[in-house]
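Enquirer: The structure under discussion is supplied below as structure tokens; questions concerning it will follow.
The values are calculated or read from the model by the stated rules, or taken from the named source; none is laboratory data. As the structure is a computational prediction, the values presented were derived from the model and not from experiment. Please note: Cβ atoms are built from the backbone with ideal geometry, for glycine as well, and neighbour counts cover all protein chains shown.
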Amino acid sequence: MTVPDGDPSAGDVLGGEPDGFERLWTPHRMTYIDGPARPVEGAKDTKDCPFCVIPSLDDAEGLVVARGVTSYVVLNRYPYNTGHVLVCPYRHVGDYADLERAELVEMAELTQTAVRVLRGAYGADGVNLGMNLGAVAGAGITGHVHQHAVPRWSGDSNFLPIVARTKSLPELLGATRERLAAAWPGAGTDG
């Protein structure tokens with residue numbers, strides 16, 4: 001619904017004062033905000049945490065790109081760009097400060113490899129790395145820490161997000177997983 005500028009009744013109709021922001025409604029993500037996929041911080045039961053469930057699935061079903069000893073790399077199911085991966089510890093831990101040394105080191109090594117693979121497999125010009133720790137920092141899943149690696153290209157923004165508030169992703173997640181897994185060092189070897 002578009003509200004004409006200067007309409008004094010607009011705030012009453014919409015439940016607040018217009019602020020000039022456009023909203024992209026993504027109700028499918030509510031399962032991560034207040035539904036069963038959002039783990040409670042400090043919870044012992046991890047059966048509903050997606051980052052605890054994914055390692056029990058086969059790689060194609062779970063969209064796992066690579067597995068390490070303490071951590072793994074998985075595609076983001078709601079990517080910002082094609083190739084957007086997450087590096088997660090297997091252990092259910094909610095804060096970066098609580099990672100054990102082996103997890104910390106392997107997550108850093110897997111992130112470094114992810115950057116190299118994204119550049120090699122997709123020709124990424126750059127990569128955004130980041131973590132959102134806690135709900136106020138933007139974490140959708142607060143109970144299980146994870147690092148984002150989002151490939152970027154010169155000119156990767158086009159008219160769609162601006163005009164249609166839509167992101168175009170040129171490749172299906174299964175194909176992206178196969179491409180990244182094949183490009184991962186040691187792919188196709190035992191061990």
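Enquirer: Can you tell me which of Ala121, Ala135, Ala139, Ala114 is in contact with a Gly (Cβ under 8 Å, 6 or more places away or on another chain) and either at pLDDT below 90 or closer than 13 Å to Leu180 by Cα (or both)?
Expert: Details: Ala135 fails: in contact with a Gly (Cβ under 8 Å, 6 or more places away or on another chain); Ala139 fails: in contact with a Gly (Cβ under 8 Å, 6 or more places away or on another chain); Ala114 fails: in contact with a Gly (Cβ under 8 Å, 6 or more places away or on another chain).
Of Ala121, Ala135, Ala139, Ala114, the one residue that is in contact with a Gly (Cβ under 8 Å, 6 or more places away or on another chain) and either at pLDDT below 90 or closer than 13 Å to Leu180 by Cα (or both) is Ala121.
Enquirer: Kindly check whether there is at least one residue in the stretch 113-125 that is within 17 Å of the chain's Cα centre (by Cα) and exposed (fewer than 14 other Cβ atoms within 10 Å of the Cβ).
Expert: no
Enquirer: Does the stretch 57-98 hold any residues that are at pLDDT 95 or above, among the polar types (S, T, N, Q) and out of contact with any Lys or Arg (no Cβ under 8 Å at 6 or more places or on another chain), and which are they?
Expert: Passing the criteria: only Ser71.
Enquirer: Just one of Gly83, Gly94 is surrounded by 15 or more Cβ atoms within 10 Å (Cβ to Cβ), at positive phi and either part of a loop (DSSP other than H, G, I, E, B) or in contact (Cβ under 8 Å) with a residue 40 or more places away in the chain (or both); which is it? So that I can check it myself, show each step before the final result.
Expert: Numbers: Gly94 fails: at positive phi.
Being surrounded by 15 or more Cβ atoms within 10 Å (Cβ to Cβ), at positive phi and either part of a loop (DSSP other than H, G, I, E, B) or in contact (Cβ under 8 Å) with a residue 40 or more places away in the chain (or both) holds for just one of Gly83, Gly94, which is Gly83.
Enquirer: I've got another one for you. Could you check Val69 against (1) surrounded by 15 or more Cβ atoms within 10 Å (Cβ to Cβ); (2) without any contact (Cβ under 8 Å) to a residue 60 or more places away in the chain; (3) closer than 23 Å to Ala187 by Cβ and say which number it fails?
Expert: That leaves (1) as the condition not met.
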